[in-house]
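A.B. asks: Could you have a look at this structure, given as structure tokens, before my questions?
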Amino acid sequence: MPFPAGTEPAAVLRRAGLRVTAPRVATLTELQESRHVDVDSLAGQLRVRLGGVSTQAVYDVLRALSDAGLVRRIEPAGSPARYELDRGDNHHHLVCRGCGALVDVPCATGIRPCLETESSDHGFVVDEAEVIYWGLCPNCQNSVPPQQD
């Protein structure tokens, strides 16, 4: 259930059938302003915004928002989970092996084709595909010393 930028978080929560609470509104607001936020960073931002919130409360809010389809959890191997608004645009992610930077990239094959497997689907009904590309960002490429032969 993606929502357009500028939509009031309280309206989004109501439309999703969720109670409107200060931590939920603040979380949606932060995620509209920041992309790919880990829980510790988000908790720090929410403490500034709300004056105090426990890390467990942040996890609880993120779980409720994820269950409602408002927030997407990204779990690149070797990195903490990150969260972003679920915009329903079927984008994927590119992660730097050096510094852990994470950026959005469009789906290489379009809106729904990546949900169709090339071979047998083993009886699964596929409703989501998650693709993570790995590499080195420009900053990390410039900091890697050339290999000696």
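A.B. asks: Rounded to whole Hz and in sequence order, give me ³J(HN,Hα) for the range 27-43 from the Karplus expression 6.51 cos²θ - 1.76 cosθ + 1.60, θ = phi - 60°, writing x for Gly and Pro.
C.D. replies: 5, 4, 4, 4, 6, 6, 8, 10, 10, 6, 9, 7, 4, 4, 5, 4, 4
A.B. asks: With the cut-off at 1.5 for a/c, could you classify the range 1-62 from its C-alpha gyration tensor as rounded, prolate or oblate?
C.D. replies: The shape class here is prolate.
A.B. asks: Here is a follow-up. Give, in nm to one decimal, the length gained when the segment between A77 and D104 is fully stretched (0.36 nm per residue of separation minus the Cα-Cα distance). If you can, show how the numbers build up before the last one.
C.D. replies: Numbers: separation 27, 0.36 × 27 = 9.72 nm, distance 1.64 nm.
Taking 0.36 nm per residue and subtracting the Cα distance, the gain is 8.1 nm.
Taken together, the values in this text are just the output of simple stated rules run on the coordinates, not laboratory data. This structure is a prediction, so every number in the text was calculated from the model and none was measured.
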